[in-house]
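Structure first, then comments.
The values are calculated or read from the model by the stated rules, or taken from the named source; none is laboratory data. Given the structure is predicted, the values throughout are model-derived calculations rather than measurements. In this analysis, Cβ positions are derived from the backbone assuming ideal geometry, glycine residues included, and neighbour counts consider all displayed protein chains.
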Amino acid sequence: MTDHSAEAPEAPAFRSGFACFVGRPNAGKSTLTNALVGTKVVITSSRPQTTRTVVRGIVHRPDAQLILVDTPGLHRPRTLLGERLNDLVMATWSEVDVVAVCFPADERIGPGDRFLVTELAKVRRTIRVAVATKTDLASPDRIAEHLADIARLGEETGTEWAEIVPVSAVSGDQVQLLADLLVGLMPEGPQLYPDGDLTDAPEEILAAELIREAALEGVRDELPHSIAVVVEEMGLREGRPDDKPLLDIYADLYVERDSQKGIVIGHRGARLKDVGTRARQQIEALLGTPVHLSLHVRVAKDWQRDPRQLRKLGF
């Protein structure tokens, strides 16, 4: 009888760490985060510049835990809010294990990408990966050209890419490969979050983001990003039977001017009602509890330029 137990291969060490997707606004970062996590945790609007809070999606695997940090797009700041967001981005980059820069394959590399990669070159020790996103929107020839452009941008800015990966979050193409690559670049370490957790953002922030997303969907071009949402109160309604819970959420939507308030509310309140319905369905799907949502629109004059208002609105 021979003893084979000694020859059994050693199980690979568990890895855990943080990765963040960066890229100019609308480069496909949030959609990619959701594709990797397998559920909707980051707001993905078809409009650029909607992500403001650092929401982490958590990928659970038998061999690893990958925590994805979503940062706002880095851009040349024009307002105080813009400056604060950029500071937040730089701080995040220096704290994560891997920064993955997203370059959409349906657009050429431009000054915004160069600005971002040049800024990223200033951060030490962080591993950098380049991701060619939205490959479902480009031809094979265009993708090949795009990958060559990304490699060249790395050389010109003194950025060493650990990997350059083409993916499509929409079709799911190469998403698993990207997950494997990111996990391989993580340090060995214990699980950092409990099984089943998909994000560590408090539920109030997730609810606020979903309300904001629903509000922005309706007013596409009229109010690019002058909506902030604050959840004032959130809790289970008292006196309900355990098997029929109801979560009450009271939230304020802040706009900068009276004219915008009318736009958000809509004719006889129709638009706000529609926002409430959409947001409620999303929140219920995320939290798994029936929700009663009460929304109010308030005006905070020029809040994006006012430090006191920014603090109040959580920036």
Legend entry - Some residue of segment 162-169 being assigned by TED's automatic domain parsing to the domain that holds G110 and part of a loop (DSSP other than H, G, I, E, B): yes
Legend entry - Tabulated pairs, segment 127-139, first farther than 12 Å from V175 by Cα, second surrounded by fewer than 21 Cβ atoms within 10 Å (Cβ to Cβ) and among the charged types (D, E, K, R), C-beta under 8 angstrom, 6+ apart or interchain: I127/D97; R128/E160; V129/E163; A130/E163; D136/D173; L137/D106; A138/D106
Inset, instruction - Could you look through segment 94-152, keep only residues that are among the small types (G, A, S) and in a strand (DSSP E or B), and pick out the one that is farthest from M186 (Cα to Cα)? - result: A132
Legend entry - Leading residue by the ranking (nearest to R311 (Cα to Cα)) among those in segment 230-251 that are assigned to a loop (DSSP other than H, G, I, E, B) and charged (D, E, K, R): R237
Inset, instruction - Would you please name the residue that is surrounded by the most Cβ atoms within 10 Å (Cβ to Cβ), looking only at residues in segment 80-139 that are closer than 17 Å to V165 by Cβ and among the acidic types (D, E)? - result: D113
Legend entry - Filtered residues of segment 75-105 (kept if among the charged types (D, E, K, R) and at pLDDT 75 or above): E83, D87, E95, D97
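Residues are listed down the side, and each one gets a yes or a no for (1) under 23 Å from D274 (Cα atoms); (2) surrounded by 13 or more Cβ atoms within 10 Å (Cβ to Cβ); (3) within 22 Å of the chain's Cα centre (by Cα):
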residue: E145; (1), (2), (3): no, yes, no
residue: E160; (1), (2), (3): no, no, no
residue: I164; (1), (2), (3): no, yes, yes
residue: M186; (1), (2), (3): no, yes, yes
residue: A208; (1), (2), (3): yes, yes, yes
residue: I249; (1), (2), (3): yes, yes, no
